[in-house]
Amino acid sequence: MKNDNCIFCKIAAGEIPSKTLYEDEQFRVILDLGPAAKGHALILPKEHYANIYEIPDEVAASAMKLAKKMAGVITEKLNCDGFNIVQNNGVVAGQTVFHFHMHLIPRYEDDGQTIGWNPGEPTQEELEEIKNLITG
Ligand code: 5GP
Ligand code: ZN
């Protein structure tokens, strides 16, 4: 299903031009217009799913397989020193385009980027309580 108001649907379908690195029946991989580092790419499913909660299992599995393949290609071609794979869901998590996508971010020793979080310091009791909430 496509969404008429979705820019990534249009890009994935080729209706809006993009710097495409790879394409098959299910996905298009493009360069991000606002890259965190040289070679920052996005995996877009051609079908519209807003986020990880909506994406079918088989599409999620194929997206991860493609991420592995593209990480290998980009690392070889751009000679990056490491790699982040990021996938945001919801405004609070930094999602700005509500069509599922995976960020492939090559990292370089001197890229000056920080992709991370401030670590908390939970007690063992707090961790136990959270574990029970999730698994209970
Ligand atoms: P999000 O914040 O939703 O995880 O990521 C959206 C990403 O899409 C951002 O990194 C942004 O730079 C990129 N982006 C937004 N609009 C376009 C566009 O029209 N073309 C391309 N290639 N990237 C886009
Ligand atoms: Zn879409």
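The values are calculated or read from the model by the stated rules, or taken from the named source; none is laboratory data. Keep in mind that this is a model prediction, so the values were computed, not measured. So basically every Cβ, Gly included, is an ideal-geometry build from the backbone, and we count neighbours across all protein chains shown. Ligands, DNA and RNA are excluded from the accessible area calculation, which covers all protein heavy atoms including side chains. Shrake-Rupley method; radii C 1.70, N 1.55, O 1.52, S 1.80 Å.
Scalar couplings 3J(HN,Hα) for region 9-25, obtained by applying the Karplus form with A = 6.51, B = -1.76, C = 1.60 to θ = phi - 60°, are 4, 5, 5, 4, 7, x, 6, 10, x, 8, 7, 8, 9, 6, 8, 9, 4 Hz; x denotes Gly and Pro. In order along region 82-91, the Karplus-derived 3J(HN,Hα) couplings, from 6.51 cos²θ - 1.76 cosθ + 1.60 at θ = phi - 60°, round to x, 7, 10, 10, 10, 8, 9, 10, x, 4 Hz, and Gly and Pro are given as x. Database remark: amide H of PHE27 closer than 5 angstrom to the amide H of LYS46 (H placed geometrically; neighbours at sequence offset of 5 or more, or on other chains; Pro and chain starts carry no H). Of the solvent-accessible surface of region 1-53, computed with a 1.4 Å probe and all protein chains present, 54% belongs to carbon and sulfur.
Less than 5 angstrom separates the built amide H of ASN84 from those of ILE105, ARG107, all sequence-distant by 5 or more or on a different chain.
The relative contact order of region 73-136 comes to 29 percent, based on Cα pairs under 8 Å that sit 6 or more residues apart.
What does the charge count around ALA41 come to, taking other residues whose C-beta lies under 12 Å from its C-beta (Lys +1, Arg +1, Asp -1, Glu -1)?
Numbers: positive: LYS19, ARG28, LYS38, LYS69, LYS77; negative: ASP32.
Surrounding charge for ALA41 is +4.
The Cys residues in the chain with no partner Cys Cβ within less than 4.7 Å of their Cβ are CYS80.
Think of each Lys and Arg Cβ as +1 and each Asp and Glu Cβ as -1; about the Cα centre, that makes the dipole of the chain roughly 620 debye. Once backbone amide H atoms are built at 1.01 Å from N, TYR49 has PHE100 as its partners under 5 Å, excluding neighbours fewer than 5 places away on the same chain.
Accessible surface computed residue by residue for the chain, with neighbouring protein chains in place and a 1.4 Å probe, gives 67 Å² per residue. Shape class of the chain from the Cα gyration tensor (axes a ≥ b ≥ c, square roots of the eigenvalues): oblate, since a/c reaches 1.5 or more and a/b does not exceed b/c.
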